[in-house]
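Have a look at the structure below, then the notes.
The values are calculated or read from the model by the stated rules, or taken from the named source; none is laboratory data. Computed from a prediction, not measured in an experiment: that's the story for all the values here. Note: ideal-geometry Cβ built from the backbone for every residue, glycine included; neighbour counts use all protein chains shown. Ligands, DNA and RNA are stripped out before the accessible areas are found, and what is left, the full protein with its side chains, is counted by its heavy atoms. Shrake-Rupley method; radii C 1.70, N 1.55, O 1.52, S 1.80 Å.
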Amino acid sequence: QEPFVADEYIERLAWRTPGGGSRGGEAFDPKRLLEEFVNHIQELQVMDERIQRKVEKLEQQCQKEAKEFAKKVQELQKSNQVAFQHFQELDEHISYVATKVCHLGDQLEGVNTPRQRAVEAQKLMKYFNEFLDGELKSDVFTNSEKIKEAADIIQKLHLIAQELPFDRFSEVKSKIASKYHDLECQLIQEFTSAQRRGEISRMREVAAVLLHFKGYSHCVDVYIKQCQEGAFLRNDVFEDAAILCQRVNKQVGEIFSNPETVLAKLIQNIFEVKLQSYVKDQLEEHRKSDAEQYLKNLYDLYTRTTNLSSKLMEFNLGTDKQTFLSKLIKAIFISYLENYIEVEIGYLKSRSAMILQRYYDSKNHQKRSIGTGGIQDLKERLRQRTNLPLGPSIDTHGETFLSQDVVVNLLQETKQAFERCHRLSDPSDLPKNAFRIFSMLVEFLCTEHIDYALETGLAGIPSSDSKNANLYFLDVVHQANTIFHLFDKQFNDHLMPLISSSPKLSECLQKKKEIIEQMEVKLDMGIDRTLNCMIGQMKHILAAEQKKTDFKPEDENNVLIQYTNACVKVCGYVRKQVEKIRNSMDGKNVDTVLMELGVRFHRLIYEHLQQYSYSCMGGMLAICDVAEYRKCAKDFKIALVLQLFDTLHALCNLLVVAPDNLKQVCSGEQLANLDKNILHSFVQLRVDYRSARLARHFS
């Protein structure tokens, strides 16, 4: 048996033989193992001979059967060849007979067709004679149940009558025409009755007969009219129209041979009659009296009409259904869309003006005109170059004249205008119309509101030498910044998609850039003047609170304060202004403005310290003041400002250091790079400067 391995077979045989273990040992008997092998070989030989004889017998039997099978196959091949020959003969005979039958059929048809025509002509002549005699006796004309056959006959007679000369057959032609018209009316009436009963099969039969009549279109009109009976009972005419078209679409194919034409005619009727009258009623009511409601209704009606058109696109309406539906929509709205943008701009202008005026009225503010022309332009250029207030300062009483509610209202109106513009504008006019709406937004939001607030805020900034001045311009900056972020968001979200692929894009971007630059100039100017006012307030505090005896006390041994009262008040004021700047601005603008304020603050303190003479104890007090100023400067979180006050603190050490150590201190890390004149100017502030010893050490 497979798999057969000789070594394993011998091994198993040895193990089965007593004393035949292959590993040796006391029980191993080689003679007995040899005897067992010899006997087993003999058994295998006998088995081999028996199997060989069996194989030879099977081979002989197989050869005999193969010869018999080959003989049988040859006989079958001969039989198959004979059958194939018979089949060919039968096929040729069938082809011959079929040819004869076809030829005979052609001959019969050639004889039968003229015969049928003759019979039909004879019948038509018979019916024609009845019309000539003026009396219709045939059952087909008198039996109302045979209206279909009568319609077929009268339709053919009508065609024949049209070929006859009028002078000889005028009477019979009029009779045939009259009967033609009567049957046509009967068929249409039958179709109408079947439609009311809901008998689709009868409607299909009558429509098929009427297809060859001139009144077939009237049949379609009747069907369309009856379809709409009771279909528009709800307030939503658009939803009713969609439901009606879906119902008719399922039915029309079972009745008419040209369902797409009938459905298209129904849709055309709905648009030209129902929708057009509905749209006219809705729009004409507000067209001249209420522009806001008119625009809302126009947008809503146009949107619902286009949505209905999208639903109708699912039906088979012929080859170019997109163009067909677009023409229907255009026919309804063309008179309203032609001047849409003028109405939109007019409404947006009046609405925006009203929103602004209502806001200023709520503030009891009479808006002052910001003049234009030569004198105003000259003032503006002078102000930009000199940063000086031209004209009297205006007290705004803390009012910024900026309102987020106003801005939100203006942006909301403009957003709705952009949406209407997108929907109602012709694609070729869309960028141009969107730009006009954007120009309205710029005029009323940026110019009339933000720019006016900036101008008013600039006029409200007091001069730098004013005492106890209230500074509100940073509030204007904060609100203007917030508003402009909203303006920029609407620019990107609602305007950009409308103009992104048109030349108007660059024009809008340029206009926006100019607006930003104009505002930045005024914001920078206002911030700069506000910083000047802050420094002016600090000067007033220092002038009022700082006394000469602070730094040159009469009793050097009895100084109880850690820093002067002027320092305390200045630091308190500065911290408030720093917090206000942080709350009013964002991003890098905070650091930029704080750096500018910090530099000016440092210059003020530096120049202020230069005005006094310092005793030893006074110098210590000055150092304490500068240390407090430096602590205040840390709130700026600007490295340059802190560095300036560190250097100033180091300079103040020159006011107290021993004369012998002056050179060592001046060559220290913080003072080594300073100009020698600066160091000298601080040393000169010491009350003991004129002593020969100090002058000698510093020289």
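Quick notes on this one:
- Qualifying chymotrypsin sites (Phe, Trp or Tyr not before Pro) in the stretch 292-322, DSSP loop, other Cβ atoms within 10 Å at most 12: none
- Compactness ratio for the stretch 440-582: Cα radius of gyration over 2.2 N^0.38 Å (N = residue count) comes to 1.58.
- The solvent-accessible area of SER257, taken with every protein chain present and a 1.4 Å probe, is close to 90 Å².
- Solvent accessible area, Å² - CYS571, 1.4 Å probe, full protein context: 0
- When the pairs LYS250/LYS327; LYS367/LYS576; LYS367/LYS512; LYS363/LYS569; LYS548/LYS637 are compared against a 27 Å limit on Cα-Cα distance, LYS367/LYS576; LYS363/LYS569; LYS548/LYS637 fall above it.
- ASP625 contributes about 0 Å² of solvent-accessible surface, heavy atoms of the protein only, 1.4 Å probe.
- A simple rule links phi to the HN-Hα coupling: the Karplus curve 6.51 cos²θ - 1.76 cosθ + 1.60 with θ = phi - 60°, which for the stretch 663-679 gives 4, 5, 5, 5, 8, x, 4, 7, 10, 5, 8, 7, 5, 5, 5, 5, 4 Hz, with x for Gly and Pro.
- Probe 1.4 Å, all protein chains present, accessible-area order of HIS103, HIS608, HIS680, largest first: HIS103, HIS680, HIS608
- Of interest is the spacing of the C-alpha centroids, which for the stretch 578-625 and the stretch 524-552 amounts to 10 Å.
- Ranked by the mean number of other Cβ atoms within 10 Å per residue, highest first, peptides 427-435, 579-587, 66-74 order as 427-435, 579-587, 66-74.
- For the stretch 208-279, applying the loop criterion from DSSP together with a ceiling of 15 other beta carbons within 10 Å to the trypsin sites (Lys or Arg not before Pro) yields LYS214, ARG234.
- Inter-part distance, the stretch 318-358 to the stretch 422-447, computed on C-alpha centroids, equals 13 Å.
- Amide H contacts of TYR614 (H built 1.01 Å from N, in plane; Pro and chain starts excluded): ARG686, VAL687 sit under 5 Å, all sequence-distant by 5 or more or on other chains.
- Take the Kirkwood radius over Cα pairs of the stretch 552-697, plug it into Stokes-Einstein at 25 °C and 0.890 mPa s, and you get 151 µm²/s for translational diffusion.
- Sorting ASP29, ASP426 on solvent-accessible area from highest to lowest, probe radius 1.4 Å, gives ASP426, ASP29.
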